[in-house]
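Engineer: Take this structure first; my questions come after.
The values are calculated or read from the model by the stated rules, or taken from the named source; none is laboratory data. Quick caveat: nothing in here was measured; it's all calculated off a predicted structure. All Cβ positions, even for glycine, are placed from backbone atoms using ideal geometry, and neighbour counts span all protein chains on display.
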Amino acid sequence: MVDSPSFICDSMLGRLSRWLRVLGYDTLYRKDISDEDIINLLSRCNIRILLTRDRQLYIRVVEKGFKAVLILYENIIQQLSYIGKKLDLNLKVDPDNSRCSICNSKLVRVSDINSLRAIIPPLLRRSKRRFWYCRKCNKAFWKGRMWPNISRITSSALKNMRKKNL
Ligand SMILES: [Zn+2]
């Protein structure tokens with residue numbers, strides 16, 4: 001089996017970086033990251049793939065021998081389906097594989113809800129839902145209000161990925 005790819009997103013791809021984390025891909029992102037920082041990071045961990053909207057940075061990075069994908073789309077569904085197809089990504093969200101959209105840490109499935117009393121509201125604790133937890137952010141996640149939107153975007157991206165002319 002091929003290891004799943006890991007990424008660095010440029011400063012313009014914050015939303016895409018959050019989606020990649022939710023999909024389980026190890027993705028570095030900082031709003032204030034400079035081109036020099038990106039090149040330093042790529043040299044230090046040369047397995048990461050740069051995702052960028054900046055053609056000049058793309059050319060610079062590829063000339064140095066690093067892997068990069070230039071993303072021309074602005075729309076998140078098109079961005080996801082484009083790299084999904086190009087890099088053979090799995091665009092189905094499985095929370096057991098997800099990373100925290102805020103900090104990129106791997107989420108852990110919560111086995112003892114009482115251990116998270118302080119951060120999960122009582123009504124939700126009684127709902128028999130599954131919860132996932134980010135140790136670094138001390139935040140709990142569950143299939144809540146955002147879930148229909150997550151499913152809608154990923155299934156549109158999957159559908160779009162099957163189009164020939166993408
Ligand atoms: Zn986190």
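Engineer: For a quick check of your reading: which strands (runs of 3 or more DSSP E) sit entirely within region 47-166 and have at least 1 residues that are at pLDDT 95 or above and within 16 Å of the ligand (Cβ to nearest atom)? Write out each step before concluding.
Structural biologist: Details: elements: 48-52, 68-70, 132-134, 139-141.
The strands (runs of 3 or more DSSP E) meeting that bar are 132-134.
Engineer: Also, quick follow-up: Select, from Arg130, Arg99, the only residue that is in contact (Cβ under 8 Å) with a residue 24 or more places away in the chain, of a type in the set (Lys, Arg) and closer than 23 Å to Met12 by Cα.
Structural biologist: Arg99
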